[in-house]
1. Please determine whether any residue of region B:36-43 is buried (at least 21 other Cβ atoms within 10 Å of the Cβ) and either of a type in the set (Gly, Ala, Ser) or more than 18 Å from B:ILE161 (Cβ to Cβ) (or both).
2. Taking the stated definitions as given, is B:GLY68 at pLDDT 95 or above, in contact with a Pro (Cβ under 8 Å, 6 or more places away or on another chain) and part of a helix (DSSP H, G or I)?
3. Pick out, from region B:163-242, the strands (runs of 3 or more DSSP E) lying fully within it that include 3 or more residues that are modelled with pLDDT under 95, charged (D, E, K, R) and within 14 Å of B:ASP152 (Cβ to Cβ).
4. Can you give me the number of residues within region A:115-167 that are at the interface with chain B (Cβ under 8 Å from one of its Cβ atoms) and on the phi > 0 side of the Ramachandran plot?
5. Hey, could you check region A:105-114 for residues that are buried (at least 24 other Cβ atoms within 10 Å of the Cβ) and over 26 Å from A:GLN167 (Cβ atoms) and say which is nearest to the other protein chains (Cβ to nearest Cβ)?
6. Looking at region B:156-181 only, could you name the residues that are in contact with a Pro (Cβ under 9 Å, 6 or more places away or on another chain) and farther than 27 Å from B:HIS128 by Cβ?
7. Among the residues of region A:260-306, which ones are of a type in the set (Lys, Arg) and in a helix (DSSP H, G or I)?
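The values are calculated or read from the model by the stated rules, or taken from the named source; none is laboratory data. What you see is a predicted model; the values in this text were computed from it and never measured. Please note: Cβ atoms are built from the backbone with ideal geometry, for glycine as well, and neighbour counts cover all protein chains shown.
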Amino acid sequence: MAAKKESPRETIELLRRMWLIRAFEEKVSTLYAERQIVGLLHLGIGQEAVAVGALSLLRDDDYVYGGHRSHGHAIAKGADINKLMAEIAGRATGYCGGKGGSMHIVAKECGFITATGVVGGTIPLALGAGFAAKERNKGQIAVVFFGDGAGQSGPFHESLNIASLWQLPVIFVCENNGYAEFTPLSAHTKVGRLAQHAKIYGIPANTVDGNDLFAVRAAMSKAVDKCRAGKGPIFVECLTHRMRGHYEGDPAKYRELSQLAEWKKKDPIARVTRALKSQKALTDKELAAMESEAQALAEKAAEFALASPWPADDQVASQVTTN
Amino acid sequence: MPEQTYLEAIRAGLEEEMRRDPSVYIFGEDVALGGPFGVTKGLAETFGANRTVNTPISEATVMGLAIGTATAGLRPVIEIMFIDFITLAMDQLINHAAKLHYMSGGQLKIPLTVRVQCGISGAMGAHHSQSLESWLAHVPGLKVVMPANPADAKGLLKSAIRDDNPVVFIEHRGLYRSKGDVSASDKSVAIGKAALLRQGSDVTIVALSSMVAPALAAAKELEAQGISAEVIDPRTISPLDIESIANSVKKTSRMVIVHEAVEQGGIGAEIVSIELSTGSLMYIFLTMTR
C-alpha cells in the first residue's frame, strides 16, 4: 500500500510535536547547564523527524522500546512531558518516581515500555513484545529504536535472525547518526549501511533520510502496514545527526565544524517549516506562535519538575522486588 | 504420595503451571524436543510448539526476548541448558530482568523464571560444571532458589512461575534421577523459607542442593557416635531465611555449612556473615574455619 500524503493540517500537528520535543530538550539542556538536573544526559536535538515520523503512525496499544537517547521517542509516543521532566530531574512525581532518570524512561501508560542504558539492550525486549503481540493476534506491533553503535553488538544480529525466523511483528528503527559515542561508524565497521545486515537475515530494509519527516513517514507507513498484517519484521535505517555531543558536556571535538554547519542546514524542523510555507499552509506568525507555545509547555514542565519533591527515603530502597 | 524423580517433578510442575495459566510460555534450546535431559519432554505435544518454543543458540537475545514477553503480559520460563552459559545472558538478566521493576518505579513487573542446571556430575569439565549461584544472589531484584529433592523442586518451581519477580531456579544435574515423594496436588513451596529436615541439639548442618543428602547421611552417622545433628536446607539463597538458621544455631551453638562451589566468595561465607550480623554466632563455641 502506498504511503498516504500528509495533509497540511496533519503536517502542522506533526511539526507541533517536533517542536515540543525540541523545546523540551533545549529546556533540559539549560537546566543541566544550571546544575538543576544532574546525571548523564544524552539529547536527540536534530533527530526529531525520526521519533515523530516513526511513532505518529502507531496505535496506542503498540509497544515502543528506546535507548539512552529517548526523550523524543517517549514524547512522540504520547508521554506526559511534566512527568517526563520530573523523571529526568529525579523527582518523586516522575514517571518512575525518580528512580529511572534520563536513560531509563518508562511510560507504560502510553506504550513507551522502556529505554535502557545498555546500547542495543532493548532490541531483544522488542522481540519479546512482538512475540506476545503475535500470540495475542490483535494486530499490535513492537517498534525499537537504536543507534548505529548497536549494529556491531551480538544481540543485534541474534535479534535480526530470530525476528526473521519467527516472522515477528517488529520494526527495527536504526537512527544512524554517524557516531557511536565519539567514534565515526566507519571506524567500527566496513558495512556502510546497517540496513545491509537486515537483508542478510531476510528482513526487508530501507535506508532513508532521517532528517526528512516525510521520508521517514513514508517508509514507516509501509512498514507498519506490513508488520500489522502479520508479514514479519522490517528494518528502517534513518540517516540523521545529533546536533549536540554524545552527552551534555561532551565538546564533540571529534566532529568537524563544517559538518555540523552542513547538518544544521538539514535541520528537520526547518525542513518541515519550509514545506508548509511553500504550500502557504502556515504564516510566519503562526509558526512563531507554535514555537513559543512549545517553549511555554517546556517551561511549565520544568516548573512542575523543580517544584516536585525528591523521592522519600523509604522510596529509594523500595520496589527492588514486588513483595 | 507418589514417588517421582527430581526431573519428573520439575516436568510435572511445568505442566501443571502451563495448564493453570495460559500466559506461561517456555523458551530454550531444544525444549520442544525435551532438551538434553528430557525435562520438557512432551510439553510441546501437550501445549503446542508455540508455547514450548525452541530457540537458536542465542542466550543473550533469548533472555532479553523472554523479559520482553514479560513486559507485554506473558509469564515466561526460559531454560538455559547449563548454568555456565548464563554468562552469555547476564546483561539482560542483571540490567533488565532484575532492575526494570525498581527503575520503572513499579510500572513494570518481570514474572520471569530462569531454569538452569548446575554442578559437578558426569565428568563434563569446567564449562559444564560450575556453581555460580552466589554470583546471582549478589544481584538485588533476583530471587535464587536451589531445590534439593523432588517435592521441593516441584513446589518451588510453581512458586517461581507464579512470582511476579525474576526467579533463577537452579537445578542440580546430579539430582535428576534421585527419587522422593511428591505431592500430586497443586502444592507450592514458599520462596525464602528454609526446611528443617532433621532436628538435633549438638550441631547445625546447613546444606544446599546436592549436599543435602550427604548432610543427612552424615547426621545419621553422627547419631551412631552419639552426636545429635540438626539439618537445615535453606532452599532459597536469595532471600535467605536467616531466622531459621539463627534459631537453630542458638540451640546447637555449632554450625557447619556444606555446599558445592569454589570457596572464594561462596554463599556459605555469606550465610556466616549474615548470621554474624544477627548475633546468632555469639552462641558459637569455637572459632570459624573454612
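1. No, region B:36-43 contains no residue that is buried (at least 21 other Cβ atoms within 10 Å of the Cβ) and either of a type in the set (Gly, Ala, Ser) or more than 18 Å from B:ILE161 (Cβ to Cβ) (or both).
2. Details: at pLDDT 95 or above: yes; in contact with a Pro (Cβ under 8 Å, 6 or more places away or on another chain): yes; part of a helix (DSSP H, G or I): yes.
Taking the combined requirement at face value, the residue satisfies it.
3. Fully inside region B:163-242 and qualifying: nothing.
4. Number satisfying all stated conditions: 0.
5. Of all residues in region A:105-114, those buried (at least 24 other Cβ atoms within 10 Å of the Cβ) come to A:105-107, A:112-114.
Now drop any that are not over 26 Å from A:GLN167 (Cβ atoms), which leaves A:105-107.
Numbers: A:ILE105: 9, A:VAL106: 4, A:ALA107: 8 Å.
Among residues in region A:105-114 that are buried (at least 24 other Cβ atoms within 10 Å of the Cβ) and over 26 Å from A:GLN167 (Cβ atoms), the one nearest to the other protein chains (Cβ to nearest Cβ) is A:VAL106.
6. B:ARG162, B:ASP163, B:ASP164, B:ASN165, B:ASP181
7. Kept after step one, since they are of a type in the set (Lys, Arg), are these residues of region A:260-306: A:264-266, A:271, A:274, A:277, A:280, A:285, A:300.
Matches in region A:260-306: A:LYS264, A:LYS265, A:ARG271, A:ARG274, A:LYS277, A:LYS285, A:LYS300.
Residue-wise test of (1) touching a helix residue (DSSP H, G or I) at 6+ places or on another chain (Cβ under 7 Å); (2) small (Gly, Ala, Ser); (3) surrounded by fewer than 23 Cβ atoms within 10 Å (Cβ to Cβ).
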| site | (1), (2), (3) |
| --- | --- |
| B:THR61 | yes, no, no |
| B:ALA66 | yes, yes, no |
| B:ASP84 | no, no, yes |
| B:ALA89 | yes, yes, no |
| B:LEU108 | yes, no, yes |
| B:ALA123 | no, yes, yes |
| B:SER129 | no, yes, yes |
| B:LEU132 | yes, no, yes |
